[in-house]
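The values are calculated or read from the model by the stated rules, or taken from the named source; none is laboratory data. Keep in mind it's a predicted model, so treat the numbers as computed, not measured. So basically every Cβ, Gly included, is an ideal-geometry build from the backbone, and we count neighbours across all protein chains shown. To get the accessible areas, we keep the full protein, side chains included, count just its heavy atoms, and leave off ligands, DNA and RNA. Shrake-Rupley method; radii C 1.70, N 1.55, O 1.52, S 1.80 Å.
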Amino acid sequence: MAKAIILAAGQGTRLRPITNDIPKCLVPLMGETLLERQVATLHSQDVTDIHIVTGYRADQIEALGFDTSLNKDYEKTNMVESLFSALEFMESCDEDLIIAYGDIIYKKENLQKLLSCCGEIAIMIDEDWLSLWSLREENPLDDAETLVLNSEEYITELGKKPENYEKIQGQYTGLMKIRENKIQEFISFYNDLDRTADYDGNDFLNMYMTSFIQLLINANWKVKASMVKNGWLEVDSVDDLTTYEDMASKGTLEKYFDK
């Protein structure tokens, strides 16, 4: 079936004071933590081998009994380095590999679609992204990134700063899948990268995941968009939490996530 890595090393500074003493993935939303909700969704599709990359307050995640790897440099590195902190788990993976950010939750229908998606890499893309961004941002374009698809819904560009809405055919959601027979090549690609190069304005250790994916695309990897319309949430700030909790109390959150 599939295995999963959840990237949960970050400090969640925009969620303070809630994250003063807990990692971001253990922030509660409607009475359950983000990690509990994501794990339950994965379990619903028989994805039970789940590995967590920890960093900030790693002890609290370890205490829950998960298989973990530690990004000891979480304060000065970015998501790609967190992912490859789980190198041993990745190397031993003999099934499709799901990679998920620790601050997202998603409906099981979206996960089902990703699991069935073809492509060397499949990425959950929200084509109705503007609906969610408008809840969270006064000017959604300020926080959006480019995402361009070809006629077969393979991604040709992502992660750039857009000047307008023309190059935004959806938004990357922080959930992806690597096909089983491409995992070792995926690792080799990372190992072969130039550690001294600049990656969209960042050094190697602070490379964005979107920059890494774009490098794969530039190297002719087939990165397929698994297109969804809503059915997921990202929790990045206290304002996000307040918005979602208020919507849940009014019964208007179901479009994005079911309680």
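Side notes on the structure shown:
- Per-peptide average of other Cβ atoms within 10 Å, ordering 175-183, 139-147, 49-57, 249-257 highest first: 49-57, 175-183, 139-147, 249-257
- Simple label model, 7 Å out from Cα along Cβ direction - residue 218 to residue 250, nm: 4.4 nm
- Residues whose placed amide H lies under 5 Å from that of residue 207, excluding near-sequence neighbours: 78
- Estimated inter-spin distance, residue 202 and residue 44, nm [label 7 Å along Cα→Cβ]: 3.0 nm
- Calculated mean residue ellipticity at 222 nm for the chain: -8000 deg cm²/dmol, from DSSP H runs with n ≥ 4 weighted as -39500 (n - 2.57), summed, divided by the residue count and rounded to 500.
- DSSP finds beta bridges in the chain, and of those with both partners inside it, around 45 percent are antiparallel.
- With the simple model of a label 7 Å out from the Cα in the direction of the Cβ, residue 167 to residue 30 spans 3.6 nm.
- Paramagnetic label zone (point 7 Å from Cα along Cα-to-C-beta, residue 64; backbone N under 13 Å) in region 34-48: 34-43
- Each peptide in 64-76, 26-38, 101-113 gets a packing score, the mean of other Cβ atoms within 10 Å over its residues, and the list from highest to lowest is 101-113, 26-38, 64-76.
- Carbon + sulfur, % of accessible area of region 128-251 - ligands and nucleic acids excluded, 1.4 Å: 43 percent
- Rounded to the nearest 20, the size of the Cβ-charge dipole of the chain about its Cα centre is 320 debye, with Lys and Arg at +1 and Asp and Glu at -1.
- Averaged per residue, region 130-208 has 54 square angstrom of accessible surface, using a 1.4 angstrom probe with ligands and nucleic acids left out.
- The residues of region 1-81 expose, per residue, 44 Å² of accessible area to a 1.4 Å probe.
- Estimated at 0.36 nm per residue, the fully extended path between residue 184 and residue 151 surpasses their Cα-Cα distance by 9.0 nm.
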